[in-house]
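I have placed the structure first, in the form of structure tokens, so that the comments after it can refer back to it.
The values are calculated or read from the model by the stated rules, or taken from the named source; none is laboratory data. Nothing here was measured: the structure is a model prediction, and the numbers come from that model. All Cβ positions, even for glycine, are placed from backbone atoms using ideal geometry, and neighbour counts span all protein chains on display. The accessibility values were calculated without ligands, DNA or RNA, using every heavy atom of the protein model including side chains. Shrake-Rupley method; radii C 1.70, N 1.55, O 1.52, S 1.80 Å.
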There are 2 protein chains.
Amino acid sequence: MTDPASLPVLTILAPGLLGASLGAAAKAAGLVGRVQVWARRAETIRELECCNWCDEASMDMAQVVKDADLIWVCAPVNVVARLVGQLAAWVKPTAVVTDVGSTKGRLVQQCESALGGAAAFVGSHPMAGSQKSGLSHADAQLYADRPCFVTPTDCSDPAAVETIRHFWEAMGMRVYEVAPDEHDRIVASISHAPHLVAASLAATLAEAGAGQWTHFVGTGLRDTTRIAAGSVEMWMDILLHNREQIVPVLAKVIDGLEHLKTHLEHGQFNAVEQVLRDGKRFRESLE
Amino acid sequence: MTDPASLPVLTILAPGLLGASLGAAAKAAGLVGRVQVWARRAETIRELECCNWCDEASMDMAQVVKDADLIWVCAPVNVVARLVGQLAAWVKPTAVVTDVGSTKGRLVQQCESALGGAAAFVGSHPMAGSQKSGLSHADAQLYADRPCFVTPTDCSDPAAVETIRHFWEAMGMRVYEVAPDEHDRIVASISHAPHLVAASLAATLAEAGAGQWTHFVGTGLRDTTRIAAGSVEMWMDILLHNREQIVPVLAKVIDGLEHLKTHLEHGQFNAVEQVLRDGKRFRESLE
């Protein structure tokens, strides 16, 4: 067994489901010697003291940051850069800082600027999560066999990028290196716009009175709208950061639906059938 | 044990997944003495001869219809009325005929007319199914704890309605009696329009080049578009029968998305947040 003292110290800031699962997974995989956690509230600290993967929990950021080799900022997208700015005061110059945010372009820029070269920053976006949120649902398997974006820029230290990539891969993730803006363009299409479609469909059905028919609802609509149950706060952050990329995708989705409606109204069934065939082919390509 | 000879004879016409599961479930629950099946193709007959729930399989409709007490026409929506017209020549006057079609207004009218009083007809729509189709995926538990519409009209024999209701309930279904047109209005909202949204979203993403990003796709988009993988033929039938009810729902969905896009473009985040909150509330009401 490797001497824990020779392994890196991992510090997690503002853990929710993602941060706690990260701590549990890193400890389980023997990737780190110590896991230290900073949280804002005393209640969270008490909860952390009962987690067997957590070696130290503190509301004093300096205390858990100063000897950290790896720092994972797990806060919501709109808070990450502020915390990075704070930790810059105490971070070791050899440390590597990353995050788990669902947007990257603006966020990475803000973080690089907030850190001001005090240590290395590399953006991450592990595509993992759950309807459940919060520390208590921590799952050491949350990241296994899921995709993860790592988003270096021209300013990134190649060794730091390698460190972050290796860490996610050791948790079983499939890592893809993509520029921050390209990341945002991709997730606008395959995640953010679809989220809005699901949410808007659910809201429209509710407004149209479908609430009286919930006992008839089958697995189809349940699946189609499942993500609409996600955290409103988290999604508002994402939309705020990435709306420039999301709006054009949403415009295409509306255009597609408008054409489909027109075809259906006018009895142009060949065109309707083509949409169903194209949609089926795409969905089957995801299996 | 009840003497099988005293139990009703069930005849299933044109079984796929729904018909075969019905036969298996009825036999398992001891609801019927015999299960007889008509199919169009010799290959299907050979497959049926290996199913332990099937007592007789024939391509001769007269042979399996003439002594049937209950007749379930399990064909696609656009074929049901034609088969009902055919079976009218041999059916016992005391028999009760039903179907499993996903649309009811036009279909029930066609079936009542095609049967011409030769026996009783009552429309059914069990909200059960699977991505898998075909005889070989028959599942005696397919109907358990799922909703089922029974759609009587002014012409329906109350005793026949009771027979059909009892039969579905004995399979574990939650039965709701609803007029055929009301059924179509409900399912346009909670099933047909959502299906088109999922299919159109998938088709639009494919056209926008998202096919190159499938390795990044997470559970969110997989769930949102899952139903887009359904049978194109089955859905074209449904759309053909129910487009008058579907188009206005689709118009509302487009309207909702258009507003959401405008709010997002103009930075009206309170309005965006309201949509997310309304969508979340509706989705949570389905749990």
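With pairing defined as another cysteine C-beta under 4.7 Å, the cysteines of chain B that fail it are B:Cys50, B:Cys74, B:Cys111, B:Cys148, B:Cys155. Go ahead and run the numbers for FRET between A:Asp255 and A:Ser136, Cβ-Cβ distance against an R0 of 45 Å, rounding to 0.05. After rounding to 0.05, the efficiency reads 0.55. Between the listed residues A:Gly123, A:Val161, A:Ala140, the Cα displaced farthest toward the positive end of the dipole of the range A:102-179, a dipole computed from Cβ unit charges relative to the Cα centre, is found at A:Ala140. For the range A:45-78 versus the range B:180-242, the spacing of their alpha-carbon centroids is 43 Å. Highest GNM mean-square fluctuation among A:Asp69, A:Asp184, A:Asp55, for chain A modelled with Cα contacts below 10 Å: A:Asp55. Position B:Ala251: other-copy label points at 2.5 nm, ordered by increasing distance, label point 7 Å along Cα→C-beta. Take every Cα pair under 8 Å whose residues are at least 6 apart in sequence, average their separation, divide by the length of chain B, and the relative contact order is 15 percent. A dipole drawn for the range B:15-103 from +1 and -1 charges on Cβ atoms has a positive end, and of B:Ala75, B:Ala42, B:Gly30 the residue lying farthest that way is B:Ala75. Per-residue ellipticity at 222 nm computed for chain B from its helices equals -15000 deg cm²/dmol, with DSSP H segments shorter than 4 residues left out and the rest contributing -39,500 (n - 2.57). Amide H contacts for B:Leu13 (H built 1.01 Å from N in the peptide plane; partners 5 or more residues away or on another chain; cut-off under 5 Å): B:Trp38, B:Trp72, B:Val73, B:Cys74.
Computed about the Cα centre, the dipole magnitude for chain B is approximately 380 debye when only Lys and Arg (+1) and Asp and Glu (-1) carry charge, each at its Cβ. Given their separation in residues at 0.36 nm each and the Cα-Cα distance between them, B:Gln212 and B:Glu162 gain 12.6 nm when the chain is fully extended. With each label point set 7 Å from Cα along the Cα-Cβ vector, what nm distance links A:Ser113 and A:Ala62? Between A:Ser113 and A:Ala62, the simple spin-label model gives 2.7 nm. Calculated from the alpha-carbon coordinates, chain B shows an Rg and a Dmax of 21.4, 73 Å respectively.
Remark: the range A:145-242 carries a charge dipole of roughly 520 debye about the Cα centre, counting +1 on each Lys and Arg Cβ and -1 on each Asp and Glu Cβ. For the range B:1-74, the relative contact order comes to 41 percent (Cα pairs under 8 Å, sequence separation of at least 6). Per residue, the accessible area of the protein assembly as shown comes to 40 Å² when a 1.4 Å probe rolls over the protein heavy atoms. For A:Leu7 and A:Asp154, the FRET efficiency from 1/(1 + (r/R0)^6), where r spans their Cβ atoms and R0 equals 30 Å, is about 0.45. Taking the label point 7 Å along Cα→Cβ, B:Ala89 and its counterparts in the other copies are spaced 9.2 nm apart, in ascending order. Of the solvent-accessible surface of the range B:139-229, computed with a 1.4 Å probe over protein heavy atoms with every protein chain present, carbon and sulfur atoms account for 47 percent. Using the Cα coordinates of the range A:38-144, the gyration tensor eigenvalues translate into equivalent-ellipsoid semi-axes of 22, 18, 12 Å, sorted from longest to shortest. Placing +1 on the Cβ of each Lys and Arg and -1 on the Cβ of each Asp and Glu in the range A:163-259, which of A:Leu239, A:Pro194, A:Thr219 has its Cα farthest towards the positive end of the resulting dipole? With unit charges placed on the Cβ atoms, the residue in question is A:Thr219. Both chains summed, the buried accessible area for A and B stands near 7900 Å², from protein heavy atoms and a 1.4 Å probe.
Taken about its Cα centre, the range B:1-84 carries a charge dipole of about 260 debye when Lys and Arg each add +1 at the Cβ and Asp and Glu each add -1 at the Cβ. Rolling a 1.4 angstrom probe over the range B:1-79 with all protein chains present gives an accessible area of which 52% lies on carbon and sulfur atoms.
Between the amide H of A:Val97 and those of A:Ile71, A:Ala120, A:Phe121, A:Val122, distances stay under 5 Å, these residues lying 5 or more places away or on another chain, with hydrogens modeled in the peptide plane. The GNM of chain B, with springs linking C-alpha atoms under 10 angstrom apart, assigns the highest mean-square fluctuation among B:Gln268, B:Gln63, B:Gln109 to B:Gln268.
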